[in-house]
1. Considering each residue of region 332-358, count those that are surrounded by fewer than 19 Cβ atoms within 10 Å (Cβ to Cβ) and not in a loop (DSSP other than H, G, I, E, B), and give that number.
2. Do we find that Glu335 is over 22 Å from Val235 (Cβ atoms), at pLDDT below 90 and acidic (Asp, Glu) in this structure?
3. Cys286: outside any loop (DSSP other than H, G, I, E, B), surrounded by 14 or more Cβ atoms within 10 Å (Cβ to Cβ) and free of Cβ contacts under 8 Å to residues at least 12 places away in the same chain, yes or no?
4. Of the residues Asp515, Asp548, which is assigned to a loop (DSSP other than H, G, I, E, B), out of contact with any Lys or Arg (no Cβ under 6 Å at 6 or more places or on another chain) and of a type in the set (Asp, Glu)?
5. Before we move on, is Lys533 loosely packed, with under 15 Cβ neighbours inside 10 Å and closer than 18 Å to Cys499 by Cβ?
6. Ser513 is checked against (1) under 20 Å from Leu402 (Cβ atoms); (2) open to solvent by 10 Å² or more (accessible area, probe 1.4 Å) and fails just one. What number does that condition carry?
7. Out of curiosity, is Ser280 open to solvent by less than 30 Å² (accessible area, probe 1.4 Å), modelled with pLDDT under 90, within 24 Å of Ala316 (Cα to Cα) and polar (S, T, N, Q)?
8. Give me the pairs: first residue in region 454-480 and more than 26 Å from Asp494 (Cα to Cα) and at pLDDT below 95, second residue part of a strand (DSSP E or B) and open to solvent by 40 Å² or more (accessible area, probe 1.4 Å), beta-carbon distance under 7 Å, and six or more apart or on different chains, which are they?
Amino acid sequence: MASVSLKKSYKCVQSLQQFYTGGPYAVASDESFLVCACDEKIKIVDLSNASIKSTIEGDSEAVTALALSPNNNILFSASHSRQIRVWDLSTLECIRSWKGHEGPVMGMASDASGGLLVTAGADRKVLVWDVDGGFCTHYFKGHKGVVTSIMFHPDPNRLLLFSGGDDGSVRVWDLTGKKCLSTLEKHQSAITSMAISEDGWTLLSAGRDKVVNLWNLHDYGCMTTIPMFESLEAVCIIGPESPFAASLSSLTYPQTKKRSDVPSINFITVGERGLVRIWSADRALCLFEQKSSDIAVSSGDEESKRGFISALLMPASQELLCVTADQQFFLYYPEESEGSLNLVLRKRFVGYNEEIVDMKFLGDEEQFLAVSTSVEQVRVYDLTSMSCSYVLAGHTDVILCLDTCVSSSGRTLIVTGSKDNTVRLWDCQSKACVGVGIGHMGAVGAVVFSKKQRNFFVSGSSDRTLKVWNMDSVSDNNEEVLTLKAKAVVAAHDKDINCLAVAPNDSLVCSGSQDRTACIWRIPDLVSVVALKGHKRGIWSVEFSPVDQCVMTASGDKTIKIWAISDGTCLKTFEGHQSSVLRASFLTHGTQIVSCGADCMVKLWTVKTNECIATYDQHEEKIWALAVGKKTEMLATGGGDAVINLWHDSTALDKEEAFRKEEEGVLRGQELENALIDADYTRAIQIAFELRRPHKLLELFRELCRKNDMDDQIGKAIKALGKEELQLLLEYIREWNTKPKFCQIAQYVLSRAYSILPATEIVEVPGFKELLNGLIPYTQRHFNRLDRLVRSLCILQYTSAAMSVIQPEGNEGKLEGKDAKLPNAADIDELSDITSVEEEQHHKELKGKNSSKKRKNKSRHSASKKVKGGD
């Protein structure tokens, strides 16, 4: 068998994050990005793949209004703090901010020139601001309630402003005369949306009173009222160049009487029913209505239905963008087929996924990802655009688990288990439920397809039972939902069943439970084979090895274990997670393991050595879901932070990158040596900076300090540095300055940098304050050391001067005259020999004196003893 190349690293290549939690949003005029409110933050989202381009931190208050300038360079925002902010999108910095309303700002809009901003507040006021100056130019009062919608007249030559409030009135304001031209009162409820016709002389207003009113802007009279039979949230006028207009022109409609006093305008409405409808104003006729809503609703309760909350026609493509109450963006495009109009849902972006509990790759090519969140539907994502392709709805409670497979006939199937105690089988081609399994008495927490035959699946529930379900009755042309039958049932555990796994040959199934055990059962009769006991907490994940007769378990006791199927003994234990291990799966033909857990970590293990070779931290909450691609071994992780991360194997790329960097480093090192040979120190220092070699740089500066023209050489080298290289130089100087051996070079280079470069350029270096704080203490220490040295030298100089004045005793005759010579080295040696002889003789004399004193003392002592004896 050929050796298997182990994976050493994974890289997160795509990430689907939450970017919209409801509220205001704005679309760029070129449709390149979308600006959304996400709690107190503002997310800028790429419309091509739903990736977050950047995030603007708010003021810890929920965002209430957003608007973009016509050139997409400036963003206006407001929050519950009543603060109005102006953001430069190129730098993501707040240019200006002010407060003007006494209550939250409920809406804002920019005029065609981008110089004026209008804000509508809950304080019943409408204010117009000069963007550059930040001052109020117009102050309008008159509404009796909260101002809910605001807009400028699209014609820049007509300085008119329209505002709608929850008092049911629309007011027209003249910016030139600074007065209210007219109050349009026809609605009985809050105004939710307004639109102006292409010619600029007709105003459409929609409200929650289920009607649309058309107003003549010549005399501000109401031309007609069209009943909608639903609470409306948005109205959009279809322009002559819109693809909707082209599709409508080729269709035939029932002959109805046209009103000559009403202009021929077609418009789109959306509302609480979740349907897109197209209307003719002069006929008061609904030209098109969606057959069914694309908003997935599980139960039949009317209160649970969530419709659209907003809609607009995209500025460039004129596609219809609709926003739902559950934070989804639908992008519709009209399509004509067989003489009728059809709305194609081109993209669906999910702004908020809630907690992700399970996910699996879909199909042979693994281009789709099936995701179950804390809702009643399964969302299938296209991994190319990261948009939600379709939704499978049918469960009446939260879906807890799912699995996918491709049947022997080529059908892509999904099985789901839910809190409604049922399992459902879905066909991805028809996007419909083809079978329902009823029989569990508790929530279904685990489901798994067979691996080989793919004609059955197994489910485990909180009722502690396992069930094997037969799929033979499900055919390719089923139009009705079949009731699935259970082939076998067994009471498997003492507590909830958390996970299931089927052996590669479909002969065994392993179940993991909250009772801290895993059990292996023989299929199809579910006879117990062996029980795996050894974990100290509940088991969250089980999986059979693809090559060996063993099974892997992951537990809440922070460990992963591999067990022998034959006798149930534990073969290996992997420790390293800081919290519960929630998912684990085999990689690289069973030689590696990937795991994730409640510590927000993804870990890569080698089975043979029990070693964790890589750890990744890309989540902020528990990682509940882990999917491994069978073909590409691509990883997908998701958890409590509502983020889906896609991981690709980057081992080969990292190896190539390391080899390329090493090769480039060798070539650049040779260039450095050549520059040194040519005495081109400026070039050598530049290369040393590029190679990040501080020790070589120190040697270069040390070499320059020995040159006669060191000031010019170091000056040239410092002048040639960029801002990033200057920051590196200061960091290196900070490190060199900590050592007395190198501090002289560091201080000299620093002084040259301060004397050559302007102060403004040095101050603008990133992190200059921290670098300066690191330089000052050691510089002060070096100064104190030098100060002590200078003082010691002064004492030494004074002592040496004093010694030259005082003449030693006994040598008066040796120094004759002022010009007496100092002794040479031979004289000093001779003098030292004489001194040593004299010291030796003196030592002997002292020793003789001491010994005589001892004898005298001894004789006196003995005499005293004799006297005492005589007495």
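1. Let us first name the residues in region 332-358 that are surrounded by fewer than 19 Cβ atoms within 10 Å (Cβ to Cβ), namely 333, 335-342, 344-346, 352, 354-355.
Still in the running and not in a loop (DSSP other than H, G, I, E, B): 333, 335-337, 340-342, 344-346.
Going through region 332-358 one residue at a time, the tally reaches 10.
2. Values: over 22 Å from Val235 (Cβ atoms): yes; at pLDDT below 90: yes; acidic (Asp, Glu): yes.
In short, yes.
3. On the way: outside any loop (DSSP other than H, G, I, E, B): yes; surrounded by 14 or more Cβ atoms within 10 Å (Cβ to Cβ): yes; free of Cβ contacts under 8 Å to residues at least 12 places away in the same chain: yes.
Here the answer is yes, as Cys286 does meet what is asked.
4. None of the other options fit; the residue is Asp548.
5. Numbers: loosely packed, with under 15 Cβ neighbours inside 10 Å: yes; closer than 18 Å to Cys499 by Cβ: yes.
Considered against the rule, which asks whether it is loosely packed, with under 15 Cβ neighbours inside 10 Å and closer than 18 Å to Cys499 by Cβ, Lys533 comes out as yes.
6. (2)
7. Details: open to solvent by less than 30 Å² (accessible area, probe 1.4 Å): yes; modelled with pLDDT under 90: no; within 24 Å of Ala316 (Cα to Cα): yes; polar (S, T, N, Q): yes.
In short, no.
8. If the second residue must be part of a strand (DSSP E or B) and open to solvent by 40 Å² or more (accessible area, probe 1.4 Å), the pairs left are Ser473/Leu482; Val474/Leu482.
The values are calculated or read from the model by the stated rules, or taken from the named source; none is laboratory data. Bear in mind that the values here come from a model prediction, so they are computed numbers and not experimental data. With ideal geometry, Cβ positions are generated from the backbone for all residues, glycine too; neighbour counts draw on all protein chains shown. Ligands, DNA and RNA are excluded from the accessible area calculation, which covers all protein heavy atoms including side chains. Shrake-Rupley method; radii C 1.70, N 1.55, O 1.52, S 1.80 Å.
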